[in-house]
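Okay, structure first, notes after.
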Amino acid sequence: DPDNVVLCLLAADEEEAGDAALQIHFTLIQAFCCENDINILRVSNPARLAQLLLPATGPEPPADLHCVLVTNPHASQWKDPALSQLMCFCRESRYMDQWVPVINLPER
């Protein structure tokens, strides 16, 4: 339900930049998000994103986090100050013609 999606995170590292299938996947997701007024952020370090979003999984490989949709089904979504700041960041990036801003997540 795109009405409940407030943010789309697209994560890929430098090695995956040349993966044609992943780039096509990202292009289709971006088109969907633009059509439905969903903010998009690219994240440069999927492994670090996995560390932040997933609990320690032990010996299992991390889940595929190339695309993460952040949802908030409540009408009070804009009352969250962190989410509000993130939406402002996305809007300001669009004003500077950066339609899909990139967040660099450093290694820990």
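The values are calculated or read from the model by the stated rules, or taken from the named source; none is laboratory data. Everything numeric in this text was worked out from a predicted model, so none of it was measured. Note that we place each Cβ from the backbone using ideal geometry, even for glycine, and neighbour counts take in every protein chain shown. What goes into the accessible areas is simple: the full protein's heavy atoms, side chains included, and nothing from ligands, DNA or RNA. Shrake-Rupley method; radii C 1.70, N 1.55, O 1.52, S 1.80 Å.
When TRP78 is evaluated against the numbered criteria (1) at pLDDT 80 or above; (2) open to solvent by 70 Å² or more (accessible area, probe 1.4 Å); (3) in a helix (DSSP H, G or I); (4) of a type in the set (A, V, I, L, M, F, W, C), which criterion, by number, is the only one it fails?
Of the numbered conditions (1) at pLDDT 80 or above; (2) open to solvent by 70 Å² or more (accessible area, probe 1.4 Å); (3) in a helix (DSSP H, G or I); (4) of a type in the set (A, V, I, L, M, F, W, C), the odd one out for TRP78 is (1).
Would you confirm, using the coordinates I've provided, whether LEU49 is in contact with a Leu (Cβ under 7 Å, 6 or more places away or on another chain) and either part of a helix (DSSP H, G or I) or of a type in the set (A, V, I, L, M, F, W, C) (or both)?
In short, yes.
Which is more than 13 Å from the chain's Cα centre (by Cα) and among the β-branched types (Val, Ile, Thr), of ILE24, ILE29?
ILE24
Any idea which residue in the stretch 88-103 is nearest to the chain's Cα centre (by Cα), counting only those that are open to solvent by 100 Å² or more (accessible area, probe 1.4 Å) and of a type in the set (A, V, I, L, M, F, W, C)?
Top of the filtered list is TRP99.
Can we say LEU65 is within 15 Å of the chain's Cα centre (by Cα) and modelled with pLDDT of 85 or more?
no
One residue is enough: does the stretch 54-61 have a residue meeting the conditions surrounded by 13 or more Cβ atoms within 10 Å (Cβ to Cβ) and modelled with pLDDT under 90?
Let us first name the residues in the stretch 54-61 that are surrounded by 13 or more Cβ atoms within 10 Å (Cβ to Cβ), namely none.
No, every residue in the stretch 54-61 fails to be surrounded by 13 or more Cβ atoms within 10 Å (Cβ to Cβ) and modelled with pLDDT under 90.
Take the conditions open to solvent by less than 40 Å² (accessible area, probe 1.4 Å), part of a strand (DSSP E or B) and modelled with pLDDT of 85 or more and apply them to LEU10. Does it pass?
yes
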